[in-house]
Amino acid sequence: MGKRDDLIAKYADDLKNKCGMSPDMDLLTKVTIGCGPAIYNDDASTVAATQESELETVKENFLIKKLGLADGPQLMDAINAVIETYGRSERNKYRAVVYYMLVKHFGKEAVYG
């Protein structure tokens, strides 16, 4: 297995054990690939949930640009719900896991079809 496969396995483990979700491995793989080289960078591979600017970036670049959602308070509500599910005290919130949960939350799996 390559480095990306190892990371996908780690993300799946987080979804199962920290978020209580049974991951769709095909979708998780596509979301992870969609994150690009950021998954290999320690800083970029995680979401700093305590930084408002980081959450705005997730909203603008992922929810609006990638998933094509209309801006509104429901986007930040969804991001916060995902962060709660992951666990606010969880130190490493992996970007691919957060994105995966947001795709599921909005039913936007077709974007990765």
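Remarks
- The chain - percent relative contact order, Cα under 8 Å, separation 6 or more: 34
- Per residue, the chain exposes 53 Å² of accessible surface when a 1.4 Å probe is rolled over the protein heavy atoms with every protein chain present.
- Gained length - K3 relative to E109, 0.36 nm times residue gap less alpha-carbon distance: 35.7 nm
- For T46, residues with placed amide H under 5 Å, excluding near neighbours: R95
- Springs join every pair of Cα atoms under 10 Å in this Gaussian network model of the chain, and among E52, E84, E60 the largest mean-square fluctuation is at E52.
- Computed from label points 7 Å out along Cα-Cβ, the spacing between A48 and D77 is 2.8 nm.
- With every protein chain in place and a 1.4 angstrom probe, the accessible-area ranking of M76, M1, M21, largest first, reads M1, M21, M76.
- Projected label distance in nm at I33 and K18, using a 7 Å step from Cα toward the beta-carbon: 2.4
- In the chain, the DSSP-assigned H stretches of four residues or longer account for a calculated mean residue ellipticity at 222 nm of -15500 deg cm²/dmol, using -39500 (n - 2.57) per stretch and the full residue count as denominator.
- Of the Cα atoms belonging to the chain, the radius of gyration and Dmax stand at 12.9, 41 Å.
The values are calculated or read from the model by the stated rules, or taken from the named source; none is laboratory data. The model shown is predicted, which means the values in this text are computed figures rather than measured ones. Virtual Cβ from ideal backbone geometry, glycine too; neighbours counted across all protein chains shown. These area figures cover heavy atoms from the full protein model, side chains too; ligands, DNA and RNA do not enter into them. Shrake-Rupley method; radii C 1.70, N 1.55, O 1.52, S 1.80 Å.
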